[in-house]
């Protein structure tokens, strides 16, 4: 009799825990070839090489477990993002203003004057907004600015990443509409990062 009682109690506790998680957290996945970690270290990151992070240094997550498994690495870990966190929802529609601000901040960081570009070059930069995703826009911006301004492409990439890092730090997470979620390094909470969903 006590075995049945314990079974029911455990089952109920599990259901209550699952309901609590569903009500209070977004369950996100991080695919990687790295072993499990409790702090973000971009020097040791297996995917942190140049050009992979135009959106900035962060823990990159997806709400789609199958995508994490298929595209990002053999090990898939879980991050529980509180629903009441300060999350920036970066949709393609509301990102146009952000893009203009980013371009301005990048030019300031490079010590260049955007207004001194000829109209054709300015239009080429503006046309980048037609790219399908924000990550693609920033990748293309990197190469275009390197070409237009005759600056080493690695230097431009570092400047864009630095601008994005600064912008991202305002938020606990940045959620892009194509399914990528970034947790800035200073907002990473190891207590919310687990090897499996059963560990929470």
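The values are calculated or read from the model by the stated rules, or taken from the named source; none is laboratory data. On a predicted model such as this, the values are computed, not experimentally measured, just so you know. Here Cβ is always computed from backbone atoms with ideal geometry, including for glycine, and neighbour counts include all displayed protein chains.
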Fill in: Qualifying residue in the range 151-170 (condition: over 20 Å from residue 31 (Cα atoms), touching a strand residue (DSSP E or B) at 6+ places or on another chain (Cβ under 7 Å) and surrounded by 16 or more Cβ atoms within 10 Å (Cβ to Cβ))
yes
Worksheet item: So how many residues does the range 130-175 have that are more than 19 Å from residue 112 (Cα to Cα), modelled with pLDDT of 95 or more and not in a helix (DSSP H, G or I)?
Response: 7
Practice prompt. With the condition kept exactly as written, say whether any residue in the range 178-185 is assigned to a helix (DSSP H, G or I), closer than 15 Å to residue 39 by Cα and free of Cβ contacts under 8 Å to residues at least 60 places away in the same chain.
Written response: no
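Out of the residues in the range 84-105 that are in contact with a helix residue (DSSP H, G or I) (Cβ under 7 Å, 6 or more places away or on another chain) and surrounded by 14 or more Cβ atoms within 10 Å (Cβ to Cβ), which is farthest from residue 125 (Cα to Cα)?
Out of the qualifying residues, it is 90.
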Practice prompt. Quick one: in the range 62-83, of everything that is part of a loop (DSSP other than H, G, I, E, B) and either touching a helix residue (DSSP H, G or I) at 6+ places or on another chain (Cβ under 8 Å) or touching a residue at least 60 places away in the same chain (Cβ under 8 Å) (or both), which residue is surrounded by the fewest Cβ atoms within 10 Å (Cβ to Cβ)?
Written response: 83
Fill in: Scan of the range 186-200 for residues that are in a loop (DSSP other than H, G, I, E, B) and closer than 22 Å to residue 67 by Cα, ordered by number
188, 195, 196, 200
Discussion item. I'd like to check something: does the range 20-27 contain any residue that is part of a loop (DSSP other than H, G, I, E, B) and either modelled with pLDDT under 85 or within 15 Å of the chain's Cα centre (by Cα) (or both)?
Written reply: no
Practice prompt. Mind listing whichever residues of the range 99-129 are without any contact (Cβ under 8 Å) to a residue 12 or more places away in the chain, farther than 16 Å from residue 162 by Cβ and either under 27 Å from the mean Cα position of the chain (by Cα) or in a helix (DSSP H, G or I) (or both)?
Written response: 100, 114, 115, 116, 119, 120, 122, 123, 126, 127
